[in-house]
Amino acid sequence: MADEVVDALSDGRPVVALESTIFSSLGLPAPANHECLHRCVAAIRRNGSVPALTAVIDGRGVVGVEDDSIDRVLSATAKIAARDLPIALGTRLDVGVTTVSASLTLAARAGIEVFTTGGIGGVHRGSESSGDISHDLVALARHPVITVSAGAKSFLDLARTLEMLESLGVPVVGWRTDRFPAFYVRDSGLPVTCCVDDAPTVARMLRGAVALGHRGGLLVANPIPEDDELDPAMIDRALEAGLDEVEQLRLSGPAVTPVVLGAIAAATDGLSVPANLALAESNAAVAAEIAVALAGTPREDF
Ligand code: PSU
Ligand code: MN
């Protein structure tokens, strides 16, 4: 753990964890990936919290990547989900980027209660035959951490993703919306479990869940800012291009998501990239606000 993160946690000051896959070339093309990280970190600090980027470095889980290791992490190509952490540590992996599930594992272990990302993984289209369901969903149900995301990209089966979250007992809280957002667009057409307008209410939800012994966290769904929303028709075409590419390459498993993400960026002529940066920054700001509210919500009150 970075000294700054240890100090903040021991003083009870707000900390927000970040995943690193989104900031690597598996998530965003260079140099936008670097810009995205800088904007998210700045948004977290501006809103009164300490950022903690997660990764695997030299065979260890890291919470709070130091500045001199950032370039090394962002150029890593090993995608580490939660189930890859034991392997990464056991084999002393040089460097790897963490997905949502691995980041939640590390954040929870470090005692961090809020995590920000772009979009979570979910139930893939065609999962009836492929069985491809991201471990992100299980991780959301396993760790007492609030995840802020702009929903999930609609190359996933969003209706099934929400059903799975219900099965797993994960509340889906709309941040000032009653609709589940679909990453580049504000409304997937599907409802959230409830709509919340302020950070203290979200903070009380986590405190209440923990006090009751309800395992797992919350998903806070924050729609992309209105000015940055993309045209749904254009995105649908780009998603089709991405899914076609996956089919032609006969990909399965963890290789699917990075290839679809790259194909979407190409098919939108790069338009998807600034939108991705804007929503990631917005999520980071909301996460920091929630972390500040948690710091002011005593556990003893529940
Ligand atoms: N969705 C995005 N951008 C991303 C990812 C998902 O819009 O960068 C990354 C996240 O790290 C997420 C992971 O946790 O992909 C999910 O991968 P999989 O579908 O293999 O579980
Ligand atoms: Mn998968």
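The values are calculated or read from the model by the stated rules, or taken from the named source; none is laboratory data. Predicted model only: the values in this text are computed from it and were never measured. No Cβ is skipped: glycine too gets one built from the backbone with ideal geometry, and neighbour counts run over all protein chains shown. The area values use the complete protein model at the heavy-atom level, side chains included, leaving out ligands, DNA and RNA. Shrake-Rupley method; radii C 1.70, N 1.55, O 1.52, S 1.80 Å.
Classify the stretch 4-76 as rounded, prolate or oblate from the Cα gyration tensor: take a ≥ b ≥ c as the square roots of its eigenvalues, call it rounded if a/c is under 1.5, otherwise prolate when a/b beats b/c and oblate if not. Mind showing how you got there, number by number?
Details: a/c = 2.59, a/b = 1.39, b/c = 1.86.
Verdict is oblate for the stretch 4-76.
Could you tell me what percent of the DSSP beta bridges with both partners in the chain are antiparallel, to the nearest 5?
Values: 13 of 34 bridges.
Antiparallel: roughly 40 percent of the beta bridges in the chain.
Nothing charged except the Cβ atoms of Lys and Arg (+1) and of Asp and Glu (-1): what's the magnitude of the dipole of the stretch 138-218 about its Cα centre? Round to the nearest 20 debye.
Numbers: 9 positive and 7 negative charges, 47 e Å.
Here the stretch 138-218 has a charge dipole of around 220 debye.
Mind putting a number on the dipole of the stretch 239-302 about its Cα centre? Charges go on the C-beta only, +1 for Lys and Arg and -1 for Asp and Glu, and I need it in Debye to the nearest 20. Could you put the intermediate results ahead of the total?
Numbers: 2 positive and 9 negative charges, 32 e Å.
Charge dipole of the stretch 239-302: 160 debye, to the nearest 20.
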At 1.4 Å probe size, with the rest of the protein present, what percent of the exposed accessible area of the chain is carbon and sulfur atoms? 51 percent
Per its Cα gyration tensor (rounded if a/c is under 1.5, else prolate when a/b beats b/c, else oblate), the chain is best filed as rounded
What the Cα atoms of the stretch 109-254 span along the principal axes, largest first and in whole Å, is 49, 34, 25
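Which FRET efficiency value, to the nearest 0.05, is calculated for H34 and R237 with the Förster distance at 22 angstrom and r the Cβ-Cβ distance? Please report the intermediate quantities before stating the final value.
Values: r = 28 Å, r/R0 = 1.29.
Taking R0 as 22 Å, the efficiency between H34 and R237 is 0.20.
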In whole Å, what is the distance between the alpha-carbon centres of the stretch 13-67 and the stretch 158-199? 24 Å
At R0 = 22 Å, how high is the FRET efficiency between R92 and R72 if r is their beta carbon distance? Nearest 0.05 is fine. 0.90
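Using the Kyte-Doolittle scale, find the helices of the chain whose mean hydropathy is at least 0.0 and whose Cα atoms extend 30 Å or more along the helix's long axis, counting only whole DSSP H runs. Could you put the intermediate results ahead of the total?
On the way: long enough: 272-295 (34 Å, 1.22).
TM-like helix candidates: 272-295.
Over the stretch 15-94, give the accessible area per residue in Å² for a 1.4 Å probe, as an integer. Could you put the intermediate results ahead of the total?
On the way: 3630 Å² over 80 residues.
Accessible area per residue: 45 Å².
In debye to the nearest 20, how big a dipole does the chain give about its Cα centre with +1 on each Lys and Arg Cβ and -1 on each Asp and Glu Cβ?
On the way: 23 positive and 39 negative charges, 159 e Å.
Dipole about the Cα centre, nearest 20: 760 debye.
In Å², what does the accessible area per residue of the stretch 204-302 work out to with a 1.4 Å probe?
Value returned for the stretch 204-302: 49 Å² of accessible area per residue.
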How much length is gained if the chain between A211 and D244 is pulled fully straight, taking 0.36 nm per residue apart and subtracting their Cα-Cα distance, in nm to one decimal? 7.2 nm
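I need the shape label for the stretch 53-134. Rule: rounded when a/c is under 1.5, else prolate if a/b > b/c, else oblate, with a, b, c from the alpha carbon gyration tensor.
Prolate, because a/c is 1.5 or more and a/b exceeds b/c.
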Taking +1 at the Cβ of each Lys and Arg and -1 at the Cβ of each Asp and Glu, which of V220, F180, P191 sits farthest along the dipole of the stretch 150-225 towards its positive end, judged by Cα position relative to the Cα centre? V220
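Given 0.36 nm per residue, what is the gain on full extension from E226 to A266 after removing their alpha carbon distance, in nm?
Details: separation 40, 0.36 × 40 = 14.40 nm, distance 2.28 nm.
That works out to 12.1 nm of additional length.
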So how much accessible area does F302 have, in Å² to the nearest 10, using a 1.4 Å probe? 100 Å²
Test of understanding: in a Gaussian network model of the chain with alpha carbons linked when under 10 Å, which of L104, L261, L219 would top the mean-square fluctuation ranking? L261
Using a Gaussian network for the chain with springs between C-alpha atoms less than 10 Å apart, which of these wobbles most: L190, L53, L212? L212
With a 10 Å cut-off between alpha carbons and a GNM built on the chain, which of D269, D227, D178 moves the most? D227
Net charge within 11 Å of D136 by Cβ-Cβ distance, Lys/Arg positive one each and Asp/Glu negative one each, not counting D136 itself? 0
